[in-house]
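Undergrad: Quick one: structure below, then a few questions.
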Amino acid sequence: MEQNKEILWKRVHHGVITEPLIDYLEMLVEEQYDLGNKVKICIGTDSQKKGKGYKYAVAIIFEMKKPMGLENGKMVYKGMGAKVISGTFVEKYKPSLQERMLKEVQLSIDVSYSILPLLELYEIDFEIHADVNPDPMAGSHVALHEAVGFIRGMGFECKVKPDAYAASSGADKLCNG
């Protein structure tokens, strides 16, 4: 998804991103690599009722990790915080809950594919977080199997609630803001 005209990309507490999303993320990656840090990116989408439609928010969680040395032959990292990039838009359509959950996943996949060259070039750890719940009593459970299958079928690592913080925490806050 090239910088879609519907989606306005912003960095939380820093304002609108004026360059293509992939270029902006590459600048952030290079800054961290110059500091010797590792990067992980998680993308998740949420939606909330807004007027006669729904507000969608895509959250890109850009995690920074400092290498602390080897422990039992494996590199150990210390979390150095995260930067949040958000994209939001409102759609005047009332889909079913299942359709809405799958649209959220589609948006996350679209953004993921738009930055895939960056992920591959820098070998960035990456996950898509789906705002679906494995608990059969939860409403979003109706889309669990389709959402997970869709994400994995497109070749991406998938997390669902309660581990899907990019969607259920990051994007959720952006929807309500």
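Undergrad: I'm checking my understanding of the structure. Among residues of region 1-43 that are more than 16 Å from the chain's Cα centre (by Cα) and part of a strand (DSSP E or B), which one is modelled with the lowest pLDDT?
TA: Among those that are more than 16 Å from the chain's Cα centre (by Cα) and part of a strand (DSSP E or B), it is G15.
Undergrad: Name every residue in region 116-157 that is of a type in the set (A, V, I, L, M, F, W, C), crowded, with 21+ Cβ neighbours inside 10 Å and outside any loop (DSSP other than H, G, I, E, B), in order of residue number.
TA: Filtering region 116-157 for residues of a type in the set (A, V, I, L, M, F, W, C) gives 116, 118-119, 121, 124, 126, 128, 130, 132, 137-138, 142-144, 147-148, 150-151, 154, 156.
Among the residues that remain, those that are also crowded, with 21+ Cβ neighbours inside 10 Å are: 128, 130, 132, 143, 147, 151.
Those that are of a type in the set (A, V, I, L, M, F, W, C), crowded, with 21+ Cβ neighbours inside 10 Å and outside any loop (DSSP other than H, G, I, E, B): I128, A143, A147, I151.
Undergrad: Right, another one. Can you go through V160, V105, V111, V76 and tell me which one is touching a Pro at 6+ places or on another chain (Cβ under 9 Å) and modelled with pLDDT of 95 or more? Lay out the reasoning, then the answer.
TA: Working: V105 fails: touching a Pro at 6+ places or on another chain (Cβ under 9 Å); V111 fails: touching a Pro at 6+ places or on another chain (Cβ under 9 Å); V76 fails: modelled with pLDDT of 95 or more.
Only one candidate qualifies: V160.
Undergrad: Right, something else. Do we have D46 as surrounded by fewer than 21 Cβ atoms within 10 Å (Cβ to Cβ), of a type in the set (D, E) and either under 16 Å from the mean Cα position of the chain (by Cα) or part of a helix (DSSP H, G or I) (or both) here?
TA: When the stated conditions are applied, D46 does not pass them.
Undergrad: Among residues belonging to region 101-139 that are closer than 18 Å to A164 by Cα and among the hydroxyl-bearing types (S, T, Y), point out the one that is farthest from the chain's Cα centre (by Cα).
TA: S112
Undergrad: Being surrounded by 10 or more Cβ atoms within 10 Å (Cβ to Cβ), free of Cβ contacts under 8 Å to residues at least 40 places away in the same chain and within 14 Å of G170 (Cα to Cα) is the filter here; which residues of region 81-96 pass it?
TA: A82
Undergrad: Only one residue in K78, K55 is of a type in the set (D, E, K, R) and surrounded by fewer than 17 Cβ atoms within 10 Å (Cβ to Cβ), so which one is that? Don't jump to the end; show me each part of the working.
TA: On the way: K55 fails: surrounded by fewer than 17 Cβ atoms within 10 Å (Cβ to Cβ).
Sole residue among the options that is of a type in the set (D, E, K, R) and surrounded by fewer than 17 Cβ atoms within 10 Å (Cβ to Cβ): K78.
Undergrad: Across region 108-133, what is the total count of residues that are of a type in the set (D, E, K, R) and within 17 Å of S168 (Cα to Cα)? Full working, then the answer.
TA: Filtering region 108-133 down to residues of a type in the set (D, E, K, R) leaves 110, 120, 123, 125, 127, 131.
Subsequent filtering for residues that are within 17 Å of S168 (Cα to Cα) retains 127, 131.
Adding up the residues that qualify gives 2.
Undergrad: Across region 78-115, what is the total count of residues that are aliphatic (A, V, I, L, M) and in a strand (DSSP E or B)? Don't jump to the end; show me each part of the working.
TA: Restricting attention to region 78-115, the residues satisfying the condition of being aliphatic (A, V, I, L, M) are 80, 82, 84-85, 90, 97, 101-102, 105, 107, 109, 111, 115.
Checking which are in a strand (DSSP E or B) leaves us with 80, 82, 84-85, 90.
Count: 5.
The values are calculated or read from the model by the stated rules, or taken from the named source; none is laboratory data. Here the structure is a predicted model, which is why all the values come from computation and not from measurement. Virtual Cβ from ideal backbone geometry, glycine too; neighbours counted across all protein chains shown.
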